[in-house]
Every structure is written in C-alpha cells, then in structure tokens.
Amino acid sequence: DTIAVLLGMGAGLLVGLLAAFALQGFLSYVGRRRPIARTTIRAVSKPLKLLLSMLGIWIGMRLSWPVESGEDAPALRSSGEHLFLILVIVATTWLVAALVDGMERTVLREMQNTGASRYRKAQTQLQIIHRIIMVCIWVLGFGLILMTFNSARTIGATLFTSAGLFSVVLGIAAQSTLGNVFAGLQLAFSDSI
C-alpha cells in the first residue's frame, strides 16, 4: 500500500509538472505576441510550477489512497492532506504575489518610455500600492493557513470579533499618525509638490 501511494504521488507530481510546462509554454506563446505580458509570465513561472506540482501530488495521494464514504480517513492521510492544503495555499499566495509583482514591473517598463518625470512619479505611486497589496496578500495567505487548524479557527473568530473595537480605539489613539500617513499618500498621488 505504501509503495502504491508513493507511486500515485510520484505520478501526480509528474502530471502536475507536465501541466505546468504545457501551461507555461502556452503563456510563453501568448507572451511572444504581446510583449507587455512577458515580464508577468516570467514572474509567475516558478510559483505556477510549485502550485501545479503540489496539486498533482495531492490528487495522486487521494486517488491512490481512497477512503470509502462513511469511513474516517487514517490519521496519516488526514495529516498529509492538511500538509498539502497548506502547501497549496502557500503556492497560491506566492503565485498571486508574483503576478502583482510582474504586473508592476510591466507597468513601470511601459511608463519608462513616457519620460523621466512621469516615470519617477509612477514609480513612487506603484511602490506604495505594491507594498500595500503585498502585505494584504501575505496576511490573507497566512490567515488562510491559520484557518485550516480547528483551534485557530475559534481563536480567529474571537480576534475578528474584537478587531472592530480595537480598530476604533487604535484609530482614535493614533489619529495624528494616521493623518500623516494619509497626507503622505495624498502627496505621493497628487501633483502637490
């Protein structure tokens, strides 16, 4: 049984990698016709391979180690599924972050052709937006990983409930600091200076 499960996982890995290479070849073909997409396609190649290979291994494990309906899965299989779920979440988070990063580089490359002053302004604006989006993506990914644990789910519900009250208190206490942050964002996005 162990050898069959390992062979199923290996076959899943092979199928996942083949799917990743096929999808990457298709995206490269599309990138040849649209040079704007090349940087983004290059940025997502590694996370895409990781995501599809993890999905392949996970599906291979499930197919080679079936559980009858109504039966409880063995503890080792449940732990393996939980591990692969976490790895898929990490790979998906990395893929989304790489997609945002590649899109930012593509936009900056296109903006560089328009002139130095406009490029510097766009670079500053995109860096601010990029950092905010990256923090949101990774915090969301980390939150999704924590939500896969039953104990963290109850703690997370409690934290989300108390977060509303905490954010109101924090907003009142840090009103001048938040005002400075938003004023800085406004200066970065307008032509005030």
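The values are calculated or read from the model by the stated rules, or taken from the named source; none is laboratory data. Quick caveat: nothing in here was measured; it's all calculated off a predicted structure. In this analysis, Cβ positions are derived from the backbone assuming ideal geometry, glycine residues included, and neighbour counts consider all displayed protein chains. Accessible surface is based on the protein model in full, side chains and every heavy atom, while ligands, DNA and RNA are left aside. Shrake-Rupley method; radii C 1.70, N 1.55, O 1.52, S 1.80 Å.
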**Q.** Residue count, the range 130-145 (criterion: aliphatic (A, V, I, L, M), more than 11 Å from the chain's Cα centre (by Cα) and open to solvent by less than 70 Å² (accessible area, probe 1.4 Å))
**A.** 1
Q. Given the structure, is R77 among the basic types (K, R), free of Cβ contacts under 8 Å to residues at least 24 places away in the same chain and part of a helix (DSSP H, G or I)?
A. yes
**Q.** Among (1) surrounded by 18 or more Cβ atoms within 10 Å (Cβ to Cβ); (2) out of contact with any Leu (no Cβ under 6 Å at 6 or more places or on another chain), the one test that Q125 misses
**A.** (1)
(Q) Here's a check for you: in the range 20-34, which residue that is open to solvent by 80 Å² or more (accessible area, probe 1.4 Å) and not charged (D, E, K, R) is nearest to the chain's Cα centre (by Cα)? (A) F21
Q: Kindly indicate whether L14 is surrounded by 14 or more Cβ atoms within 10 Å (Cβ to Cβ) and either at pLDDT 85 or above or touching a Gly at 6+ places or on another chain (Cβ under 7 Å) (or both).
A: yes
Q. Which residues, counting only those in the range 94-120, are open to solvent by less than 90 Å² (accessible area, probe 1.4 Å) and without any contact (Cβ under 8 Å) to a residue 40 or more places away in the chain?
A. V100, E104, V107, L108, M111, T114, G115, A116, Y119
Q: Run down L50, L85 and say which single residue is of a type in the set (A, V, I, L, M, F, W, C) and surrounded by 18 or more Cβ atoms within 10 Å (Cβ to Cβ).
A: L50
Q) When the range 130-158 is examined, which residues are found to be modelled with pLDDT under 85 and either farther than 23 Å from L85 by Cα or of a type in the set (D, E, K, R) (or both)? A) R153, T158
Q: Select from the range 53-69 the residues that are at pLDDT 80 or above and either closer than 19 Å to M103 by Cα or open to solvent by 40 Å² or more (accessible area, probe 1.4 Å) (or both) and write down the one among them that is farthest from the chain's Cα centre (by Cα).
A: W65
